[in-house]
Amino acid sequence: MNKKTADKKFRQIHCGRCGTCCTEPVVPVTDSDVRRICDATGKKASDFVRFYSDDEMSFDPDAGLWITFKTGKMAMGLKKRAEACMFLSSTICCKIYEHRPMTCRTFPYMVDFDEHGNPEKVHLNKIVDCKSSRKGLSHLDPEVSNIIIEQKQDDAYYGKVSKWNLSGKKGGAKEFLTFLGFD
Ligand code: SF4
Ligand code: SF4
C-alpha cells in the first residue's frame, strides 16, 4: 500500500443488514463473477444468470455491459426469486457470501481516484435507500482494493462484450454464454 493511501482516511459505514441492496436492484455480473460462482457452487451459468433489458435494469445506456442480442440490448445479471436475488436467504444472508460478485463486495462505496491512482474521494452509492450508519473514519484498504479489482474485471468483461457486439453475432443468451466459455 502506498503512502498516500495509508495517510488518507474516509467515512466508513456499518451495514444495517436491511437486505435492500440484495432485493431492489438487478445485480450486474461479469464473466469473472460467473466463473467464481460456477466453480464454488457447481452450478451452470444458466442456473443463476439472466439477461435483462434496459426496461428491467436501470443503468447508463452507454455502459459497457450492454450486449447486442437479436432481440435487442440486454445486460447480464443474477436471477431473482420472489423479487430478491436468488442467493438471498430468508434470514437476509448471502448464500454465496465468500464468492459473491464484486459489485456486492464494494456496495455502497464508490471511490474517485487521483491521477496517480490513489483514492481521493469516497461517495456512497444511492441506487437504493441504504440503511447503513456512519462508523467513523478508516483507510478503507480492503474496500479500495476490491474496487480496483472490480474495475479491472469490469474492463476485461466489457472488452469481451464489445468484441461480441462488433462481431455482428446475432445470437441470444445461450450463444453469449458459450462465447464466454460457459455451459
Ligand atoms: S449475491 Fe449475495 S450479496 Fe449479492 S445481491 Fe445476491 S444475496 Fe446479495
Ligand atoms: S442497503 Fe445498505 S444497509 Fe441495507 S444491506 Fe445493503 S449495504 Fe447494508
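The values are calculated or read from the model by the stated rules, or taken from the named source; none is laboratory data. Computed from a prediction, not measured in an experiment: that's the story for all the values here. Neighbour counts run over all protein chains shown; Cβ positions are idealised from the backbone, glycine included.
When segment 134-146 is examined, which residues are found to be away from ligand 1 (no atom under 16 Å from the Cβ), surrounded by 14 or more Cβ atoms within 10 Å (Cβ to Cβ) and on the phi < 0 side of the Ramachandran plot?
Ser138, His139, Val144, Ser145
Output the residue which, of all residues in segment 21-79 that are hydroxyl-bearing (Ser, Thr, Tyr), at pLDDT 95 or above and in a loop (DSSP other than H, G, I, E, B), is farthest from ligand 2 (Cβ to nearest atom).
Thr30
Each row is one residue, and each column tells you yes or no for (1) within 15 Å of the chain's Cα centre (by Cα); (2) farther than 25 Å from Ala45 by Cβ; (3) touching a residue at least 24 places away in the same chain (Cβ under 8 Å).
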site: Asn125; (1), (2), (3): yes, yes, no
site: Gly136; (1), (2), (3): no, yes, yes
site: Asp141; (1), (2), (3): no, yes, yes
site: Asp154; (1), (2), (3): yes, no, yes
site: Ser162; (1), (2), (3): no, no, yes
site: Gly168; (1), (2), (3): no, no, no
site: Gly172; (1), (2), (3): no, no, yes
site: Leu177; (1), (2), (3): no, no, yes
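Only one residue in Ile92, Ile96 is surrounded by 18 or more Cβ atoms within 10 Å (Cβ to Cβ) and hydrophobic (A, V, I, L, M, F, W, C), so which one is that?
Only one candidate qualifies: Ile96.
Of the residues that make up segment 133-148, is at least one within 20 Å of Asp31 (Cβ to Cβ), touching a Ser or Thr at 6+ places or on another chain (Cβ under 6 Å) and part of a loop (DSSP other than H, G, I, E, B)?
No: segment 133-148 contains no residue that is within 20 Å of Asp31 (Cβ to Cβ), touching a Ser or Thr at 6+ places or on another chain (Cβ under 6 Å) and part of a loop (DSSP other than H, G, I, E, B).
If I filter segment 53-80 down to residues being of a type in the set (A, V, I, L, M) and closer than 22 Å to Asn125 by Cα, which single residue comes out as surrounded by the fewest Cβ atoms within 10 Å (Cβ to Cβ)?
Among residues in segment 53-80 that are of a type in the set (A, V, I, L, M) and closer than 22 Å to Asn125 by Cα, the one surrounded by the fewest Cβ atoms within 10 Å (Cβ to Cβ) is Ala63.
State whether one or more residues within segment 125-133 are away from ligand 1 (no atom under 16 Å from the Cβ) and surrounded by fewer than 16 Cβ atoms within 10 Å (Cβ to Cβ).
So far as segment 125-133 goes, yes, one or more of its residues are away from ligand 1 (no atom under 16 Å from the Cβ) and surrounded by fewer than 16 Cβ atoms within 10 Å (Cβ to Cβ).
Examine segment 56-78 for a residue that is within 16 Å of ligand 1 (Cβ to nearest atom), without any contact (Cβ under 8 Å) to a residue 60 or more places away in the chain, touching a Ser or Thr at 6+ places or on another chain (Cβ under 7 Å) and farther than 25 Å from Lys152 by Cβ, and state whether such a residue exists.
No, segment 56-78 has no match at all.
Tell me yes or no: at least one residue of segment 101-117 is basic (Lys, Arg) and not in a helix (DSSP H, G or I).
No: segment 101-117 contains no residue that is basic (Lys, Arg) and not in a helix (DSSP H, G or I).
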